[in-house]
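Everything on this sheet refers to the single structure shown next.
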Amino acid sequence: MMGAHYEHLRLVRDEGDGEGAGDGVAWLHLDCRDAATNTLSRAVLDELAAVFAALEAQPPKGLVIASAKPAGFIAGADIEEFTRLDSPQAARDLVGRGWELFNRLVRLRFPTLALIRGHCLGGGLELALACRYRVVVDEPATKLALPEVMLGIVPAWGGMKRLPETIGAPAALDLMLTGKSVDARRAKQLGLADECVPPRVMENAARMLVLSRQRRRKPPLALRLMNGPLKSVVADRARKQVASKAPREHYPAPYAIVDIWQRFGGNALAVPAGHPASLEAILRSPTAKNLIRVFFLQERLKGFGKSDDNSGDLAPRRVHVVGAGVMGGDIAAVCALAGMTVTLQDQAVERIAPAVGRAAKLFERKLRGDTATKARQVRFALDRLIPDPHGHGARRADVVIEAIFENLDAKRALFAQLERRARPDAVLATNTSSLRIEDIGAELANPARLVGIHFFNPVAQMPLVEVVAGEASDADALYRAAAFVRRLDKLPLPVRSAPGFLVNAVLGPYMLEALRCVEEGVAPEAVDAALVAFGMPMGPVELVDTVGLDIALAAGRALGGGAVAVPKRLAELVAAGHLGRKSGQGYYRWSDGKAQKTPVDTVPAGLAARIVAPLLAATRRCVDEGVVADADLADAGVIFGTGFAPFTGGPLHYLASVGEKPLDAASARRDDAIVSAR
């Protein structure tokens, strides 16, 4: 064995032992110094160039590129470096460096292979696409994606050229325009990987394939035509799909991806500076900076509850949930999906059965594999979800979560029982959305044990969970609560106990103002259209219908403390049993899970600004009152908890960037755009 050492790479040439082992294969392991994951920084790209030069001078029979880190293959480019780009030319230089390097990898005279175990994202996948072969390891952690669009940028190191050539334009555009990932088996099905193998044989599989001399895989003729003569048809369809979800003025990157693929051969460097898809145009738009800001906000949330010493002590294994309604049942389901053993308590097995039924549907949607494997995984997940009408599971649980109805006396009585039954070191948590932690724990012998773990509906989809500190809450209990949230792969947001915490405290005034507009005669459709045009994922009236009018009414009364007038129409609808989506009628009529809306012809100027203003004010108030520690955490919570337009960078960042008067003008322009678009 002969080797060469670099700062971030390790190159080993296996010269063979005369009996077929190695046969001259070179192994290049990425191992970025002082980092948990591999990223393609400028230093790493320079070292790769040096390695390629050395291999060109003394060619091996094959090159296998792999990771020396357990965390994954390559997480992508170094985002910190991207934030330091100070000019369009600097961006072009960075793009050119990766583009030329990966083209050099393609031109190497010997076979090359990427051995992918764990995450392979962005520039990491672009590097893998530049190799002749790809072997993926069949493990849950193996994920492949080009997520640049989620940062407001484009995969400019060859991804826009090579991914469509490899798997066909329709599937490639779907991945690039959504940023979604595929697992190892799906990668093999798409043709993105040549082999999908278990860990025990991955190195042998890589060696055999790189020495096989088999031809590079090509997609079927029909897909090759879509990447050639039929490009314009595919591109037009992709643009229509993008336009239905994201306007160009808010999110230019997906439109640029389609343009660069169709008109410039996937080469971002070939786009003239004055073109809307150019690197200059993308960087000139504030969207990229704001979405990268959101990325770092997300990383900050991921850091809460993270153990510095990788201790397993914080990882909960058993969870007990009290309350098998929609919230409690779905909390129990996501815990079981994450591998925990969950006991679900309610007054009778008959009340728990619907939650188990919903859980089974969730497991069917989320779990992957062939028919037999998936059926086995679903069965195992259901086995971890145990009906427990008598609450015996509370005695063994690491975390106990109360998710019953919003009644202070009922919650106090329940926690008095749970405190006596639960282990002394168990975390006691309430999923309350409007009551103070101090009030719920007032009669506990040790109120320091009680924290809030506040999920949002639908539990399986919403990424944010508020971890609520009462005045007496123990720091270790809060830390372990955050660790529990991370175990679910969700984002913990530390907040202080206050009416509505952060998310409901800002959503309440926003939805209330929207309903006031309806009271004044503005059509619900116009209200929703204005806010969707502003950048919200869903209009506020439809949101109220989706949450449930009864829940909105109860929360409004609880948070307002009687000081806020409830919209008359809201109270009338609830009194009539029209509760929104769940009853089939609210502000809208619902059919097949969709609100039936009348097309909008006109939208009052400034409508979005009026409705968003209370949300902005409430967010600022939550920071001023210490509900969240700082403005960045407030922005993160409102983005991930409400879907507030990510391209703005968050409500307070948006407010600071536009000021009060420009907010009205910008909203009026958006409202006008709705009308003109129709």
Residue count, segment 310-368, condition basic (Lys, Arg) and farther than 17 Å from Leu488 by Cα, comes to 4
Counting only residues that are small (Gly, Ala, Ser) and surrounded by fewer than 16 Cβ atoms within 10 Å (Cβ to Cβ), segment 265-293 contains a total of 4
Expected output for segment 390-416 (first residue free of Cβ contacts under 8 Å to residues at least 24 places away in the same chain, partner outside any helix (DSSP H, G or I) and loosely packed, with under 14 Cβ neighbours inside 10 Å, Cβ below 9 Å, 6+ apart or cross-chain) is Ala413/Glu443
So, first residue in the same structural domain as Asp78 (by TED's automatic domain parsing) and in contact (Cβ under 8 Å) with a residue 40 or more places away in the chain in segment 121-142, second residue among the hydroxyl-bearing types (Ser, Thr, Tyr) and outside any helix (DSSP H, G or I), Cβ within less than 6 Å, six or more apart or across chains; the pairs are Cys131/Thr112; Arg132/Thr112; Val136/Thr142
Glu249 meets each of (1) among the acidic types (Asp, Glu); (2) part of a helix (DSSP H, G or I); (3) under 30 Å from Pro458 (Cβ atoms) with one exception, condition (2)
Only one of Thr602, Thr598 is at pLDDT below 95, over 13 Å from Pro524 (Cβ atoms) and part of a loop (DSSP other than H, G, I, E, B), namely Thr602
Selection over segment 4-18 where residues are within 18 Å of Leu108 (Cα to Cα) and at pLDDT 90 or above yields a count of 2
| message | Can you say whether Pro60 is part of a loop (DSSP other than H, G, I, E, B) and at pLDDT 95 or above, as far as the supplied structure shows? | response | yes
Within segment 185-239, the residues that are assigned to a helix (DSSP H, G or I), in contact (Cβ under 8 Å) with a residue 60 or more places away in the chain and more than 17 Å from Arg162 (Cα to Cα) are Arg185, Arg186, Pro199, Met202, Glu203, Ala205, Ala206, Arg207, Leu209, Val210, Ala238
When Leu175 is run through (1) out of contact with any Cys (no Cβ under 9 Å at 6 or more places or on another chain); (2) crowded, with 23+ Cβ neighbours inside 10 Å; (3) not in a helix (DSSP H, G or I), the failure sits at (3)
### Task
Can you confirm whether segment 590-610 contains a residue that is closer than 22 Å to Pro286 by Cβ and without any contact (Cβ under 8 Å) to a residue 40 or more places away in the chain?
no
Being of a type outside the set (A, V, I, L, M, F, W, C) and more than 21 Å from Gly339 (Cβ to Cβ) narrows Arg480, Arg396, Arg486, Arg421 down to just Arg421
Gln262 meets each of (1) of a type in the set (S, T, N, Q); (2) in contact with a helix residue (DSSP H, G or I) (Cβ under 7 Å, 6 or more places away or on another chain); (3) not in a helix (DSSP H, G or I) with one exception, condition (3)
Sole miss for Ala348 among (1) surrounded by 15 or more Cβ atoms within 10 Å (Cβ to Cβ); (2) within 17 Å of His392 (Cα to Cα) is condition (1)
Among Ala21, Ala26, Ala43, Ala50, the single one that is loosely packed, with under 15 Cβ neighbours inside 10 Å and either under 19 Å from Glu80 (Cα atoms) or modelled with pLDDT of 90 or more (or both) is Ala50
inquiry  = Against the definition (touching a Cys at 6+ places or on another chain (Cβ under 6 Å), farther than 20 Å from Thr178 by Cα and buried (at least 24 other Cβ atoms within 10 Å of the Cβ)), how does Leu113 come out, yes or no?
reply    = yes
Scanning segment 265-276 residue by residue, those in contact (Cβ under 8 Å) with a residue 24 or more places away in the chain and either part of a loop (DSSP other than H, G, I, E, B) or among the aromatic types (Phe, Trp, Tyr) (or both) turn out to be Gly265, Gly266, Asn267, Ala273, Pro276
Filter segment 416-444 for residues that are in a helix (DSSP H, G or I) and out of contact with any Asp or Glu (no Cβ under 9 Å at 6 or more places or on another chain); the one that is surrounded by the fewest Cβ atoms within 10 Å (Cβ to Cβ) is Arg420
Per the filter on segment 393-424, residues farther than 30 Å from Arg557 by Cα and touching a helix residue (DSSP H, G or I) at 6+ places or on another chain (Cβ under 9 Å) are Ala394, Arg395, Asp398, Val399, Arg421, Ala422, Arg423, Pro424
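Here is a yes/no grid of residues against (1) touching a Ser or Thr at 6+ places or on another chain (Cβ under 8 Å); (2) assigned to a helix (DSSP H, G or I); (3) without any contact (Cβ under 8 Å) to a residue 60 or more places away in the chain:
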{"residue": "Val623", "(1), (2), (3)": "no, yes, yes"}
{"residue": "Ala634", "(1), (2), (3)": "yes, yes, no"}
{"residue": "Val638", "(1), (2), (3)": "yes, yes, no"}
{"residue": "Tyr654", "(1), (2), (3)": "yes, yes, yes"}
Q) Does Leu543 satisfy the condition of being over 30 Å from the mean Cα position of the chain (by Cα) and surrounded by 14 or more Cβ atoms within 10 Å (Cβ to Cβ)? A) no
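The values are calculated or read from the model by the stated rules, or taken from the named source; none is laboratory data. Everything quoted here is computed from the prediction, not taken from an experiment. Quick reminder, even Gly has a Cβ in these numbers, built from the backbone with ideal geometry, and neighbours come from all protein chains shown.
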